[in-house]
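Novice: After the structure tokens below, expect a handful of questions from me.
The values are calculated or read from the model by the stated rules, or taken from the named source; none is laboratory data. All values reported here derive from a predicted model rather than from experimental measurement. When we count neighbours, we look across all protein chains shown, and the Cβ atoms used for this are built from the backbone with ideal geometry, even at glycine.
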Ligand SMILES: [Zn+2]
């Protein structure tokens, strides 16, 4: 298995779905929560609705995964407490969508990996599942987190990939706007906007099978810089 395949399959930077009735194209999926937004809240950024298949079978797999790892048999994501940042280890978006849609077992278990959002290098925000659907993107936190993948190749050096994203204006602007909107919508504290590399230390981390993350995407120091930009986006909307 290539490094990319390993990363996409095992590293679980996202999950997949079958959306026969969800429609396609630009716009928001039907049935999204419409929590009362305050006038000072950051508006929802424009997103490209590009759903992966997430039908009955995958929902059942996600519910069973949740039972094994979290002790609650459900595929629904309610009141998420954490936003987890990732990068794709790919140069483009296409293979990521395909990998998440494929529903290939990861670490020997179904469903396959996915994430709710993927932010492309040009700033396009792709939404791959409804917000109230669990995705396998971070061991120990899938029951209570939203995953945001950013398109970025692996780089040499521990911080190389994170910093490439931080330096890519359109992408970082889109990702931080998305984060600011989600953070306010769900009242998520800034300390719970974390990188995948920080997941094992989250107060919300839970895995009944003893699984742990071994990922190094979005290191703590780079996440601090990211949080500062999110804070700035929020300040600008007050
Ligand atoms: Zn990751």
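Novice: For residue 216, indicate whether it is crowded, with 17+ Cβ neighbours inside 10 Å and on the phi < 0 side of the Ramachandran plot.
Specialist: no
Novice: Does any residue of segment 110-128 turn out to be more than 30 Å from residue 40 (Cα to Cα), within 12 Å of the ligand (Cβ to nearest atom), crowded, with 22+ Cβ neighbours inside 10 Å and more than 11 Å from the chain's Cα centre (by Cα)?
Specialist: Residues of segment 110-128 that are more than 30 Å from residue 40 (Cα to Cα), as a first pass: 110-114.
The next check asks that each one be within 12 Å of the ligand (Cβ to nearest atom); those that pass are 113-114.
Okay, now just the ones that are also crowded, with 22+ Cβ neighbours inside 10 Å, so 113-114.
Pick out the ones that are also more than 11 Å from the chain's Cα centre (by Cα) and you get none.
No - not one qualifying residue is present in segment 110-128.
Novice: Evaluate the following for residue 125: is it modelled with pLDDT of 95 or more and within 28 Å of residue 71 (Cα to Cα)? Before you say what the answer is, go through the steps one by one.
Specialist: Working: modelled with pLDDT of 95 or more: yes; within 28 Å of residue 71 (Cα to Cα): no.
It is false that residue 125 is modelled with pLDDT of 95 or more and within 28 Å of residue 71 (Cα to Cα).
Novice: So residue 179 clears everything in (1) in contact with a helix residue (DSSP H, G or I) (Cβ under 6 Å, 6 or more places away or on another chain); (2) surrounded by 15 or more Cβ atoms within 10 Å (Cβ to Cβ); (3) assigned to a loop (DSSP other than H, G, I, E, B) except one condition, right? Which one?
Specialist: (3)
Novice: If you don't mind, there's one more thing I want to ask. When you scan segment 137-158, how many residues do you find that are surrounded by fewer than 16 Cβ atoms within 10 Å (Cβ to Cβ) and away from the ligand (no atom under 15 Å from the Cβ)?
Specialist: Count: 2.
Novice: Quick one: how many residues across segment 76-101 are in contact with a helix residue (DSSP H, G or I) (Cβ under 9 Å, 6 or more places away or on another chain) and surrounded by 15 or more Cβ atoms within 10 Å (Cβ to Cβ)?
Specialist: Residues that pass the stated criteria total 15.
Novice: Could you count how many residues in segment 187-225 are away from the ligand (no atom under 14 Å from the Cβ), assigned to a helix (DSSP H, G or I) and in contact (Cβ under 8 Å) with a residue 60 or more places away in the chain?
Specialist: Counting residues in segment 187-225 that are away from the ligand (no atom under 14 Å from the Cβ), assigned to a helix (DSSP H, G or I) and in contact (Cβ under 8 Å) with a residue 60 or more places away in the chain gives 2.
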